[in-house]
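The values are calculated or read from the model by the stated rules, or taken from the named source; none is laboratory data. Since this is a predicted model, take the numbers as computed values, not measurements. For neighbour counting, all protein chains shown are included, and Cβ atoms are generated from backbone atoms with ideal geometry for every residue, glycine included. Each accessible area value is taken on the protein alone, full model and side chains, heavy atoms only, with ligands, DNA and RNA left out. Shrake-Rupley method; radii C 1.70, N 1.55, O 1.52, S 1.80 Å.
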Amino acid sequence: MAQSGALLTRLVASSVTAATKAGKIIRDIMSKGDLNIVEKGKNDLQTEADRSAQKCIVTSLSQQFPNVTIIGEEGPSIGCELPSDWVVSDMDQEVLKVDLPSELNDVDVQDICVWVDPLDGTSEYTQGLVEHVTVLVGIAVGDRAIGGVIHQPYFKNSENDSLGRTIWGIDGVGVGGFKLIKPAEGRRVITTTRSHCDSTVQAALDALKPDEILRVGGAGYKVMLLLEGKAHAYVFASKGCKKWDTCAPEAILHAAGGCLTDLHGKKYSYNAKVSYPNTGGVLATAPGQHQQWYLSLISSEIKQRLV
């Protein structure tokens, strides 16, 4: 395909098709039944699907954008021959049609960093809770999360029973791939970690006095619950999240009118030189919610544990 249009537009458009292809690879590996699980650390698993999906995304993007920095959760991709159909070069046509804000039309390639989580929710994937699984491709310009793609490999399309849905967002443009739903007022629903809860995480939840807590896997899936109107906020008072977990969700959520910060109210930096852990925790709010109100309810004692 001809390389026309702004760099950022083309990069998001290519990320949509690469993430969608990675989702198919994830489903194919699950259907074969051999996940080939490796334990990277405590409560930190890696499967054949993680590795293969990352190779698909990183190789596809690297071939089209050789000068863009790409950081994947599973480390540098091992040089090996991939199945030819794993490497995609086409771009999503809907993304290519968007009009960028003027300041994003001529972005320097050296200022871009792409953060890839090829399979967010690995623990849930290995347990068969596949609806929690997402593929995340986040695009930062300088320090800011500007563009993002969330692919849900196991989302069931009611019209034709097919699997897979891809959502994208660009700051200043909006979101595509689904219809935004604001959460209902009158009761407070908080989503949080399913498998990494400790006393600090619980104390932050208690401070918000939710009517309901949705404990699910994966940062991508939690932010999707905000975008679908199923939760008002996503709270994780822990240092366990990484930049590849939050870059894409933050970009999409912000493009939709929501917000994602640490528990001190600070935005995370996503340039290529930052450390990977999100040491300040995560607090994200759905469009229409007041981020500062949620932040104000969490005590300074809790916040001081996350520095």
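For the chain, report the convex hull volume of the alpha-carbon atoms normalised per residue, in Å³, without decimals. Write out the running numbers ahead of the final one.
Values: hull volume 40.7 nm³, N = 307.
Hull volume over Cα atoms, normalised by residue count, gives 132 Å³.
Of LYS24/LYS266; LYS243/LYS303; LYS243/LYS266; LYS24/LYS230, which pairs sit farther than 24 Å apart, going by alpha carbon to alpha carbon?
Details: LYS24/LYS266 36 Å; LYS243/LYS303 19 Å; LYS243/LYS266 14 Å; LYS24/LYS230 26 Å.
The answer is LYS24/LYS266; LYS24/LYS230.
Ignoring ligands, DNA and RNA, what accessible area per residue does the chain give at 1.4 Å, in Å²?
On the way: 13160 Å² over 307 residues.
For the chain, the solvent-accessible area averages 43 Å² per residue.
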Compute the relative contact order of the chain as a whole-number percentage, counting only Cα pairs closer than 8 Å that sit 6 or more residues apart in sequence.
17 percent
Could you name the aspartates and glutamates in cross-link range of LYS242, using Cα to Cα under 17 Å and dropping any fewer than eight places away on the same chain?
ASP44, ASP50, GLU73, GLU74, ASP117, ASP120, ASP143, GLU250, ASP262
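Using a 1.4 angstrom probe with every protein chain in place, what is the largest-first accessible-area order of CYS259, CYS113, CYS197? The partial results should precede the final answer.
Details: CYS259 30, CYS113 0, CYS197 65 Å².
Ranked from most to least accessible, the order is CYS197, CYS259, CYS113.
Pairs of Cα atoms under 8 Å, at least six residues apart: use those to get the relative contact order of the range 224-307, whole percent. Present the calculation step by step, with values, prior to reporting the outcome.
Numbers: 126 pairs, mean separation 32.9, N = 84.
Computed over the range 224-307, the figure is 39 percent.
Net charge around GLY217, counting only other residues with Cβ within less than 9 Å of its Cβ (Lys, Arg = +1; Asp, Glu = -1)? Mind showing how you got there, number by number?
Working: positive: ARG194, ARG215, LYS222; negative: ASP120, GLU124.
Net charge around GLY217: +1.
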Could you tell me what percent of the accessible area of the chain is made up of carbon and sulfur, with a 1.4 Å probe and every protein chain present?
48 percent
Total charge dipole magnitude, the chain, about the Cα centre, Cβ charges on Lys, Arg, Asp, Glu only, Debye to nearest 20:
640 debye
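Give, in whole angstrom and from largest to smallest, the semi-axes √(5λ) of the equivalent ellipsoid of the range 115-226, with λ running over the eigenvalues of the Cα gyration tensor. Spell out each step's value before the answer.
On the way: eigenvalues 113, 69, 57 Å².
So the three semi-axes of the range 115-226 are 24, 19, 17 Å.
May I ask you to derive the relative contact order of the range 167-307, considering only C-alpha pairs under 8 Å and at least 6 residues apart, and to give it as an integer percent? If you can, show how the numbers build up before the last one.
Details: 270 pairs, mean separation 39.9, N = 141.
Reported as a whole number, the value is 28 percent.
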